[in-house]
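Asks: Just passing along the structure, written as structure tokens.
Please treat every number below as a calculation from the coordinates, not as lab data. Not measured: the values here are computed from a predicted model. Please note: Cβ atoms are built from the backbone with ideal geometry, for glycine as well, and neighbour counts cover all protein chains shown.
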Amino acid sequence: MSGEEEPVIPVTTEEQVLTTTTPVPVTAPGKVPVILTPSSGTEGGVESWPLRSSIPIWANLSTRPREMWTLTLKPSEASRYDYKPPRDPRARHGQHLQRSRTMTPAQFLIFSKHPEQETQAVSRAAEKMEASIHVLKEKLHQKHKRSLLPSDLLSTDVLSKIANISGCLPYTLPPKCPTNCMTSKYRHITSVCNNREHPRWGASNTPLARWLPPVYEDGLSQPKGWNPGFLHNGFPLPSVREVTRKIIEASNEAVTEDERHSDIFIVWGQYIDHDLAFTPQSTNQPSLLGEADCQKTCENQSPCFPIQVFANDGFPINMDCMPFYRSSPACATDHHGVLLGNLSTLNPRQQINSLTSFLDASTVYGSTPAIEGKLRNLTSKEGLLRINTQYFDNGREYLPFVDRVPSPCAQNLKADKVERIECFMAGDSRSSEVISLAALHTLWLREHNRLAKALKKLNPQWSSETVYQEARKIVGALHQIITIRDYIPRVIGPDAFNQYIGPYKGYNHTVNPSVANVFSTAAFRFAHTAIHPVIKRLNAQYQNDPNLPNLHLHEVFFTPWRLIKEGGLDPLLRGMLATPAKLQVQDQLLNEELTKKLFVLSNNGSLDLASLDLQRGRDHGLPGYNEWREFCDLPRLRTETDLVTAIENRNVVKKLLELYGIPDNIDVWLGGIVENILPGARTGPLFACIIGKQMKALRDGDRFWWENSNVFTNSQRHELRKYSLSRLICDNTDVTALPLDVFMLGKFPEDFQSCEDIPNINLEAWQETFQQEFTCGLPTKVENGDFVHCSEAGKSKVTYSCYQGYKLQGEAQLSCTKKRWNMDPPVCQ
């Protein structure tokens, strides 16, 4: 191609199928950025598994140099892109792909639910193991004319071989837990070994916890509603779209505003939810048992569980179904299997949590070493996080952009086509979903860097690793304080807080802190009913700004450009502080912005959040509403009269019984959001119980909880107690007045305070003297790595670690003996 103009393959939409007329040159074996759909199969040597979505991807082309291929693309997907071959196959990901139109809502969902590399590896292994079990089921059915049941036993040898071949085995074995400075002072980025007796409890890429056994239609993996005609307690389950349309959906105008809580109260809940759990969608590998393309089928065929849309249900887009990918399965770990001698029972399908379960600010730092490595500024001596180097907010930082471009985030249609504002990169991949969420992510990026610079100034002898870890430790503690002290009591009410959580009594190594499936898939989604359909941006006097008009929610999905080009964080934060949240009312649950316009940025599709929530609960096999009431020691509701005691709106009760036939069949998420709200709370008794039990487990089962006696000093804990979300905003924006408690709705100016009057942390509690730390002198810095220092039994020690991608050669920990280090430092290679 040297000396020649690169050919551009024009993309048009003619008839049903389009084939490019220009061959695609591949100058060497490697990866070329292309857009393909699964219908292309493995033609042309293109590996099939990445082709499940039409966002820009790298397709592996195992070809001979200078070989040519012709690509066939589906018009509806291909028309959004122009393909331009790169000069060099090593060119940056997707840099020759220019997005020309907005992606569909289903594609945005794929993007936001796409697993990171390590999670993807675990998910693929679990899918392979599940596929192998499926083959065994089929063989057993052919041999014995019956299906495989959960009670059937397979030899441990057979299951071990399946686990080994599938790749699941490494993710089920307990890891080794080293004891050194790093592991005693700071939590691992994956939270592995937080509990030394159960090293995988609460760690990233492990199964969500089951507080009750799952309910699958085949007992193993088929979701509720999978098989047509299947009866639950003598009744078929209603379509989730029918439930949404008849019970959940409310117009944008039918909004009762919350007189007590501000909009930031709801945004914090979404942010914290993204700190605790993320269950990615199936990787949809067509090679596994001929799996279907969920963008094309309306049939229940693994991994697709589409949501049926009916002609008269008022959905805004003419479509037969909404695409729905099942959640990625998890490799079972030691606390899921049941060994009986040399036999093992088959485990029902579990879902993976790709994040750490703990309240540890994984939204800021990530949950795997690979993500953490991308987010850190390793050239800084101050332990800083990376920032955006292209744009600033009145001199303050923005989040960096993702490194895979072009990203799917929407662009300003009125702006210069050459300038692109990409999706933001943060510890959680969903940071760009809405601009209010991106704003909170940005605040914590700024806070980490502010703390790190101040700590380094107080302790110039600290290594950059120590500064980073100490700032991370403080930020994690602040997440815990704001959530448990300020947020959760307002969610579940003071009585439920005292009943289910109570005062802190110390770390309990017998408590499993892993996020429960029912918490993440149902209970903590209560706040979807409190999302306001309108986003406001206000000036310094908390008045409407004519240059920043109100926006409907669907106008702020995946739009980082609105933050950068429309006033920055301050107007948006003022809007969240002074706008009331939507009140959860039994006949005003989710507004049309969520049920008809989720992720809608153009006219090319729509999603429905309520139906997605209901379908996800069925996908995960969550037991019904009454099973969870019994779990929480609440009375089982058997009749219409019983239901009215828990759900005062009789019209809603009648509709529930018309659709479900019997209270036992009610989906737990729906049952929870229509219950009568407890006094001083924003949930009913069922979700107050589940959220309370989960928060107690997260607190008591965390060895690094901020109140644990050996995590911070007494003086440090005293300073941390002063902190508030209002202080976070004061320190990291130009907002100068706000409520002391930002979760409570106030009127400006009478309920607002100056930032000068809002308590702050005195970081001198973290100051150490040089003599305290290094009686043996400063340890030697190693290339591609760093160290942290600690004292154990009066002896000074340092622990070395390597940056992501490097391996440590030599001893990781050195001791100070007789005023000298006992050995040479290791090497990072």
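Asks: May I ask for the net charge around E470, where only other residues with Cβ less than 11 Å from the Cβ of E470 are counted and Lys, Arg are +1 while Asp, Glu are -1?
Replies: Values: positive: K185, K456, R472, K473; negative: E465, E768.
Counting the neighbours of E470, the net charge comes to +2.
Asks: In terms of modelled amide H atoms, which long-range or inter-chain residues lie less than 5 Å from the amide H of Y806?
Replies: It is none; the list stays empty.
Asks: Roughly how large, in nm² to one decimal, is the mean projection of the convex hull of the alpha-carbon atoms in region 484-632? Walk me through the numbers on the way to the answer.
Replies: Numbers: hull surface 51.7 nm².
One quarter of the hull surface, i.e. the mean projection, equals 12.9 nm².
Asks: Let me ask another. Could you put R650, R376 in order, starting from the residue whose Cβ has the fewest other Cβ atoms within 10 Å?
Replies: Fewest to most other Cβ atoms nearby, the residues stand as R650, R376.
Asks: Right, another one. Among residues other than E422 whose Cβ falls under 10 Å from its Cβ, what is the net charge (Lys/Arg +1, Asp/Glu -1)? It would help to have the intermediate numbers written out before the result.
Replies: On the way: positive: R404, R420; negative: D403.
Summing Lys/Arg as +1 and Asp/Glu as -1 gives +1.
Asks: Starting from region 362-470, pick out the GluC sites (Glu not before Pro) whose DSSP state is loop and whose Cβ has at most 14 other Cβ atoms within 10 Å.
Replies: Loop-located and lightly packed - E419.
Asks: For a Förster distance of 60 Å, can you work out the FRET efficiency between the beta-carbons of T817 and E419, rounded to the nearest 0.05?
Replies: Numbers: r = 59 Å, r/R0 = 0.98.
Working from the Cβ atoms, E equals 0.55.
Asks: If you add up the charges near P826, with Lys and Arg at +1 and Asp and Glu at -1, over every other residue whose beta carbon is less than 13 angstrom from its beta carbon, what do you get? List each step's numbers first, then the result.
Replies: Numbers: positive: K781, K807; negative: E783, D786, E811, D824.
Taking every other residue near P826 into account, the sum is -2.
Asks: Which of C321, C828 has the fewest other C-beta atoms within 10 Å, and how do the rest follow up to the most?
Replies: On the way: C321 16, C828 19.
Least crowded to most crowded, the residues run C321, C828.
Asks: Once Lys and Arg get +1 and Asp and Glu get -1 on their Cβ, which of L720, F752, L740 lies farthest toward the positive end of the dipole of region 714-766?
Replies: In region 714-766, that residue is L720.
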